[in-house]
1. Would you check which residues across segment A:38-62 are within 10 Å of the ligand (Cβ to nearest atom) and within 20 Å of A:Pro279 (Cα to Cα) and list them?
2. Identify the single condition in (1) crowded, with 17+ Cβ neighbours inside 10 Å; (2) more than 15 Å from the ligand (Cβ to nearest atom); (3) over 28 Å from B:Ser366 (Cβ atoms); (4) of a type in the set (S, T, N, Q) that A:Gln69 does not satisfy, given that it satisfies every other one.
3. I'm told A:Pro87 meets every condition in (1) touching a helix residue (DSSP H, G or I) at 6+ places or on another chain (Cβ under 8 Å); (2) within 11 Å of the ligand (Cβ to nearest atom); (3) at positive phi except one. Can you identify the failing condition by its number?
4. Any chance segment A:98-111 includes a residue that's in contact with a strand residue (DSSP E or B) (Cβ under 9 Å, 6 or more places away or on another chain) and within 14 Å of chain B (Cβ to nearest Cβ)?
5. Applying the selection to segment B:234-277, what residues are within 23 Å of B:Leu8 (Cβ to Cβ) and either loosely packed, with under 14 Cβ neighbours inside 10 Å or touching a Ser or Thr at 6+ places or on another chain (Cβ under 6 Å) (or both)?
6. Taking the condition of being touching a helix residue (DSSP H, G or I) at 6+ places or on another chain (Cβ under 8 Å) and either polar (S, T, N, Q) or touching a residue at least 40 places away in the same chain (Cβ under 8 Å) (or both), how many residues in segment B:42-60 meet it?
7. Looking only at segment B:187-200, decide whether some residue is assigned to a loop (DSSP other than H, G, I, E, B), within 14 Å of another protein chain (Cβ to nearest Cβ) and more than 16 Å from the chain's Cα centre (by Cα).
8. Take the conditions part of a loop (DSSP other than H, G, I, E, B), within 16 Å of the ligand (Cβ to nearest atom) and aromatic (Phe, Trp, Tyr) and apply them to A:Phe82. Does it pass?
Amino acid sequence: MEWEVVIGLEVHAQLNTASKIFCGCSTAFGAAPNTQTCPVCLALPGALPVLNAAAVDKAIALGLAVNAQINKRSVFARKNYFYPDLPKGYQISQYELPIVGKGTLTIALPDGREKLVGITRAHLEEDAGKSLHEAFSGQTGIDLNRAGTPLLEIVSEPDMRSPAEAVAYLKKLHALVRYLDVCDGNMQEGSFRCDANVSLRRPGAPFGTRAEVKNLNSFRFLEKAIEYEMERQQDILESGGKIVQETRLFDANKGETRSMRSKEEANDYRYFPDPDLLPLVFDEARIGAVRAALPELPDAKRDRFMQQYGLPAYDAGVLTASRAVADYYETVAVGVDAKMAANWVMGDLLGALNKAGLEMEGCPVAAEKLRILLQRIGDQTISGKIAKDIFELIFAEGGEVDAIIDSRGLRQITDSGAIAGLIDEIIAANPQQVADYRGGKDKLLAFFVGQVMKASKGKANPDQVNASLREKLKAGSQ
Amino acid sequence: MDLSEASLRELRDALRSRRVSARELARFYLDRVAAHNPALNAFITITEAEALAAATAADGRLAAGEEGALLGIPMAHKDIFCTEGVRTTCASRMLEQFIAPYNATVVERLRAAGMVMLGKLNMDEFAMGSSNETSHFGAVRNPWDLQRVPGGSSGGSAAAVAARLVPAATGTDTGGSIRQPAALCGVTGIKPTYGRVSRYGMIAFASSLDQGGPLAKTAEDCALLLEAMAGHDPRDATSHPEAAGTFAATLDAPLKGLRVGVPEEFFGAGLDPEVAAAVEAGIRILAAQGAVIKPIHLSNNAHAVSTYYVLAPAEASSNLARFDGVRYTYRAAGVEDLTDLYQRSRYEGFGAEVRRRILIGTYVLSAGYYDAYYLKAQQVRSLIREDFRQAFAEVDVIVGPTTPTAAFALGDKAQDPVAMYLADIYTIAVNLAGIPAMSIPCGFTAGGLPIGMQLMGNYFTDGLLLNVAHRFQQETDWHRQRPALASAKG
Ligand SMILES: [Zn+2]
C-alpha cells in the first residue's frame, strides 16, 4: 500500500521596508557589523519599540493578494527565549491574533492542473541578528544589523501532497511577494526562506506525526529535503518504528536532514501580549488604500496575456511567473509579432540567463534592444538565424543591434538580381547534382539552398533563395 | 531666604532676580548632599562636576533673559532613568557598570527645561520592593528615623526630598513606588495617568503599570515638574497623544461641590488606627472647604495585590531577559558555555527579590499555567478597572490612606515577602487601572513618623488631583514639617 506525503510550509518573507519594524535603522544588507543599530534594536535598557506603518501596509497587501481575511485588530506578542543574537531575550511576533487570517493560493501543477492551497495565517514579526562563528576563534561574534528587520511569516495549511506541489506553492508565493514589491525574494541572502512540515500517512488516514525541516532557502533544497524526509519516514514506518515530532535541519552538502531538537526539548516560549505595543487597529479605509495601490497580480496578468497577445496558456503562465519577466515581455512585444516575442523571451532569453546563472534583474540585454532585434527580423533586415548570432553577441558583449548589423555587414540580401547571380554560380559549379535533381532527386534542393546560403555568408533571404532555386532548376530542365 | 525650604516658584524668582545664581544653588544642595547622604544613602551616584557645569550653563541662559519655571533648579533622577554618560544602575549589580549612551525622554525634557541634575537616586533593585532594602547599593534610611525604611521603590527620591538634599526628584510608580515612599517620608508625589509621562529610557519593570512622576515638597512644585515631564513621545507607543497638560494654572480652583469618594475597603482590618485617624481628619479638611464626602466601594481591591503579583512579575520576567551577560551587563567570570554564561551571570547579577519575581513571572506564563494565572489576573484587572469606572460616575476624586502603616523598621519585613507586598495594598489598584493618584502628608504618628493621604482620580484628571492637594496644603502645614537631621556639617 502506498504512502501519501502531507506537506505544510511556513514561509518567512523579509519585508523590503527602508527601516526596521520597530525602530528607524536601515534594513540594507551587507553593512559592517552592528553599524545599523540603535538603542531599540540593541535592546538597551529602557528602549521601546514603535511600529513601522510601512510593514503593516505590506502585510495587508500580501493578505489581499491571497484573498485572505485582514484582521482590523491584531496583537503583538512576545516570544520569550534566550539566544545571543536575540538581544531582548524575546522576539516581538504575533500569536493569537495575527494581522492576516485565512486565505488561499492557486498553484499550477506540472501536469497543467490547478490546485488551491489554503493559507492559515500570516503574521508580522521581527528578525533576529546573526551569530558569526568565523574569524572569532573560541568565541562568537554577534551582528545585530538584521535584528528588527520586518518579517511576514506566511503559514500554509497542510494541503500539499508532493514535493512538486510544495515547490509550485513556494514559487507562486515567491512570485507574488515580488509582484507586490513586499519582499526582494533574495533566497541566497535569506530574504525569503521556508520551513517545511512533512509527514506520511496511508491515503484517507488521519495525519501522521510530522517533522519540521528548518530554514530551506532554495526551491531545490525544499524539494530535496522533502524527498529525503519521505524516504526516512517511510523506512521508519515500514520497519515498525514511530516518527518523532522534532525540528530538523537540512544539510545541503549531504542532501539529508538531521535532528535539531525534539518536541520534549522544545522551548516553552511563554507568549503573552507585548505591553509596549498597543493592539494594532486600523479601519477599512486603510485596507482600501492598500487595495487601490495593488499591482496586477500573476493570475490576472496571465489571463490578460492570453487575451491581449493571443498566447497559449503555457506561454502566458511562463511569462507571468515573475513580474520582471512579464514586464520584459511586454516591452519586447510592442510592434513585434506576439508569439515570436514569446518564443524569444521564453527560449533564447531565459535560456541564456539560466546558462549564465542570472536573474531577470541582472539581464545584460535590455528589453528595448531585443525588441529592435525582433523588429529587424520582421522588416526582413536580417534572418532569424543571423538574429540569434547577434543576440548571443550582445548578451555576451553588449552593443547596439543596428550598429552590429551595419558594421558586420549582416544585412540580409533581398536583391533578386544578386540572389540570381549566386544561384547561377552554384548551378554552374555543380553540374552532376543539377543533373541528378532534374532526374528526380528532389532532396538535393536542400543541398543547393545550403550552398547558396554559404556563398552569401548566411545573408541571402532564405525564402527568396528557395523560390528562385526551384525556378531556375526547373527552368533548366525544360 | 532659606534655600532648602523655598518652593520652586520662590527659587525661580530668586534666580531671575539674581539673588542667587544657579551655580550657588547647586553648590548649596551639593553641600547638603555631602553632609547628609552618608547617613541616608539616598544617592547611588553624585555628579558634582556635571552639576556645576550644568548650573553654569543655566546661569548663561538666565543671563540671556530666558525664562523657564525650572531653569537653574537642582534635582536628581531615580537611577532607573537612563542618563547619557552617567552610569544608570537600576540599583543592581547587573548594571553596576552600565553607562547609557542616551537620555531617557524624562531626563531630556527636564534638561531642556534647564534643571540641574545633582546625581542618581537609590531605589529598590529594578524597582522591585517597598522598603528600598533590595538595592545592591544598600538600604536608604528614612530621614525621620534612620532605623526605619523610607519606603520603595523610589526610596532614595523620597528621602532626598524629605531631607532637603534636592528640591525635586523623579520617581517611578509601578504599584505604589512614588506614593508609598512619599507617604513614609512625608513628601508629596504624584503617579500620573498611564501614558502621561514617556517611558522611553525608563528601565522597564512592568511595562503596562510603570509610570514616571515627580516627588517634591508640595503639590504646586509637583504641578510645575509634571508640566515639564508630561507630553506625547513618539518613541513610546503607549504615550498618550494628549499627554501634555497645564497643571499649575488650576491649582487654586475652589473645592466647593467637589464629590469625594471614600472607599470603605480602604479602612478595614490592617489599617493602623493612627493612620486612619490622620486620613479621616484630612477628609474633614476637604469637607470644610465645601467638598461633598460620599462613602463608596471598590469591592475588588481585595484582589489587587494578588493580581499585581501575577501580572507585574510576568512582564518583568520578559523585560529583564535582556540582562543576559552577553552585552552591557554584569558577566560572570570563567563561564564554561552559553548556558553557564546565562545562568551564572543572571544568578550573580540579580538580587534575591528580583530573582524571585522572575521565577514567579516565568511560572505564571508557562504552558499549562498561563490560563489559570496570567489570563485570570487580566480578567480581575478588568474588574478592578470597572470598579473605578463605576466609582467615578459618582465622585470626582477618591481619598484614602496611602499605606496601612507609617514607616516600618529596617529588616522588619525583609524576610517576609508577602508582608512586604501588603505594604502596597492601597496603591496597587491604581496602577492596574492606569488612573492618576498622589500622596500628600496629612499628619504624624505619636512617634513622629509622617502619614500620607492618597488622592485618586479618573483618567487624565491629574490636574484636579494637584488642585485638591494644593488646596489641602493651603489649609495644613504637614508638608512644611522637616526631619531634624543629625549632621555636624548640615
Ligand atoms: Zn534600531
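1. Selection gives A:Val40, A:Ala47, A:Pro49.
2. It is condition (1) that A:Gln69 fails.
3. Just one mismatch for A:Pro87, condition (3).
4. The initial filter retains those residues of segment A:98-111 that are in contact with a strand residue (DSSP E or B) (Cβ under 9 Å, 6 or more places away or on another chain), namely A:98-109.
Then drop every residue that is not within 14 Å of chain B (Cβ to nearest Cβ), which leaves none.
Among the residues of segment A:98-111, not one is in contact with a strand residue (DSSP E or B) (Cβ under 9 Å, 6 or more places away or on another chain) and within 14 Å of chain B (Cβ to nearest Cβ), which makes the answer no.
5. Once the filter is applied, which keeps residues that are within 23 Å of B:Leu8 (Cβ to Cβ) and either loosely packed, with under 14 Cβ neighbours inside 10 Å or touching a Ser or Thr at 6+ places or on another chain (Cβ under 6 Å) (or both), segment B:234-277 yields B:Ala244, B:Thr246, B:Ala249, B:Asp252.
6. Total meeting the criteria: 10.
7. The first filter runs over segment B:187-200 and keeps only residues assigned to a loop (DSSP other than H, G, I, E, B), leaving B:187, B:192-196, B:198-200.
With the extra rule that they be within 14 Å of another protein chain (Cβ to nearest Cβ), the set shrinks to B:194-195, B:198-200.
Within this subset, residues satisfying the condition of being more than 16 Å from the chain's Cα centre (by Cα) are B:200.
Among the residues of segment B:187-200, at least one is assigned to a loop (DSSP other than H, G, I, E, B), within 14 Å of another protein chain (Cβ to nearest Cβ) and more than 16 Å from the chain's Cα centre (by Cα), which makes the answer yes.
8. Details: part of a loop (DSSP other than H, G, I, E, B): yes; within 16 Å of the ligand (Cβ to nearest atom): no; aromatic (Phe, Trp, Tyr): yes.
Spelling it out, it is not the case that A:Phe82 is part of a loop (DSSP other than H, G, I, E, B), within 16 Å of the ligand (Cβ to nearest atom) and aromatic (Phe, Trp, Tyr).
All of the numbers you see were taken from the coordinates with simple rules; none came from a lab. Treat the numbers as computed from the prediction; the structure is a model and nothing was measured. Don't worry about glycine lacking a Cβ; one is built from the backbone with ideal geometry, like all the others, and counts go over all protein chains shown.
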